[in-house]
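The values are calculated or read from the model by the stated rules, or taken from the named source; none is laboratory data. Model, not experiment: these values are computed from the prediction. Counting neighbours? That spans all protein chains shown, and the Cβs are built from the backbone with ideal geometry, glycine included.
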Amino acid sequence: MDFIAPRGTEVHAAELGIVVYAGDGMRGYGNVIVLDHGEGVTTLYGHLEAIRVESGGAVPAGAAIGTVGRSGNATTYHLHFEIRVDGEPVDPLAKLAP
C-alpha cells in the first residue's frame, strides 16, 4: 500500500516490534525498515528519506522510525507500507481494521 505524503513527513511504527532490517539493501525499496512483531508478522516501510532506528532495536507502537522520501524505485514522495505474515504480503486494510 502506498501513502502519498510530503517529503520529510514522519513515519510511525504500526505496532510494537523489533527492527530486523534498517538500510538500503532491499532491491527497489530504497531506504527501508522491517519490524518483526512476533508470530510471523512483519511490517515493511519503504522509500524512506531518513531512517531513525537501528537493526536489533525495540520500537514502541507509534514511535517515529523514519521520514517519507522517494528512495529506490519511486517517482514521487510516498511511504510504501506492507504487512507480511510468514513472509507473504497480506492486505494491510484487512489486518489494520478494527
Look at A63 and say whether it is at pLDDT 95 or above and aliphatic (A, V, I, L, M).
-> yes
Is it fair to say R7 is among the basic types (K, R) and modelled with pLDDT under 95?
-> no
Filter the range 25-60 for residues that are without any contact (Cβ under 8 Å) to a residue 40 or more places away in the chain and in contact with a His (Cβ under 8 Å, 6 or more places away or on another chain) and give the result.
-> Y45, G46, H47
Cβ pairs under 8 Å, 6+ apart or interchain, first in the range 61-87 and farther than 15 Å from M26 by Cα, second assigned to a loop (DSSP other than H, G, I, E, B) and among the aromatic types (F, W, Y), ordered by first then second residue, are V68/Y77; G69/Y77
Across the range 1-19, the tally of residues that are surrounded by 20 or more Cβ atoms within 10 Å (Cβ to Cβ) and part of a strand (DSSP E or B) stands at 2
From the set of residues in the range 20-31 that are more than 14 Å from Y77 (Cα to Cα) and at pLDDT 95 or above, which is surrounded by the most Cβ atoms within 10 Å (Cβ to Cβ)?
-> A22
